[in-house]
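Peer 1: Once you've had a glance at the structure underneath, I'll fire off some questions.
A short reminder: the numbers here are calculations on the coordinates, not readings from a lab. Model, not experiment: these values are computed from the prediction. Here the Cβ is made from the backbone with ideal geometry for all residues, glycine too, and neighbour counts use every protein chain on show.
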Amino acid sequence: LDVDATLDASVDGELRRVTVTVDLTNTTPEGLPRYLAGPYAEGAVAGEYGGILTLTMPAGAGNPTVDGARAVLAGPDGPTRVIGAEVRVLRGASTTVTISFDLPVAWSSVDVVPSARVPPVDWTAGSRTWAGDRPVRIELDDLS
């Protein structure tokens with residue numbers, strides 16, 4: 001599964017809307033044995049990717065929304081908040097999931113931290129691009 005994420009932000013009064021758009025592309029090749037290509041879930045087909053896309057947000061985030069997938073979890077996670085959406089992507093297909101949340105406009109930056117994913121997520125924020133294999137601090141005013 002190739003994963004590309006774009007971070008954006010806009011200001012509306014006292015709130016800043018932060019949006020993460022995630023593009024998922026299933027690159028599972030044809031001809032793999034069943035133990036690799038599946039299917040693993042009821043109703044799935046060989047080569048289909050099924051999983052939960054999660055995003056960890058600052059604890060001060062409010063009004064989280066998900067577009068492009070069905071939200072299946074949301075809530076506190078230690079000093080942060082997490083939201084998750086069920087995704088299913090057929091072999092050779094792509095899908096886009098957008099997760100947004102509000103922060104007070106005074107909140108000036110967010111840290112994008114790596115997941116345990118291999119290969120890492122490819123990120124874009126404004127004019128910056130990076131492989132998500134290291135923490136990166138993003139100044140939100142640079143995106144608004």
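Peer 1: Taking the Cα centre of each part, how many Å lie between the range 110-144 and the range 75-95?
Peer 2: Rounded to whole Å, the Cα centres lie 17 Å apart.
Peer 1: Now for a different question. For the range 10-144, evaluate the Debye formula with one uniform point scatterer on each Cα (no solvent term) and list log10 I(q)/I(0) at q = 0.20 Å⁻¹, rounded to two decimals.
Peer 2: Rounded to two decimals, the profile gives -1.27.
Peer 1: Calculate the spin-label point distance for Val72 paired with Glu14, positioning each point 7 Å from the Cα along the beta-carbon direction, and give it in nanometres.
Peer 2: Distance between label points: 3.7 nm.
Peer 1: At a 10 angstrom cut-off on C-beta neighbours, averaged per residue, how do the peptides 84-96, 64-76 rank from highest to lowest?
Peer 2: Output ranking for 84-96, 64-76: 84-96, 64-76.
Peer 1: Convex hull over the alpha-carbon atoms of the range 70-144: what's its volume per residue in Å³?
Peer 2: Per-residue hull volume (Cα only) is 138 Å³.
Peer 1: A further question on this structure: Would you work out which of Trp130, Ala106, Ala93 lies farthest towards the positive end of the dipole of the range 83-144, given +1 charges on the beta-carbon of Lys and Arg and -1 on that of Asp and Glu, about the Cα centre?
Peer 2: Ala93
Peer 1: Assign unit charges at the C-beta atoms only (+1 for Lys and Arg, -1 for Asp and Glu), then state the dipole size of the range 13-94 relative to its Cα centre in Debye, rounded to the nearest 20.
Peer 2: Using only the charged Cβ atoms, the result is roughly 80 debye.
Peer 1: Taking the dipole about the Cα centre of the chain, with the C-beta of Lys and Arg at +1 and of Asp and Glu at -1, give me whichever of Thr21, Gly38, Pro119 is farthest to the positive side.
Peer 2: Going by the charge dipole, the pick is Gly38.
Peer 1: Something else now. Would you mind working out the magnitude of the charge dipole of the chain relative to its Cα centre, with +1 at each Lys and Arg C-beta and -1 at each Asp and Glu C-beta, to the nearest 20 Debye?
Peer 2: For the chain, the charge dipole is close to 340 debye.
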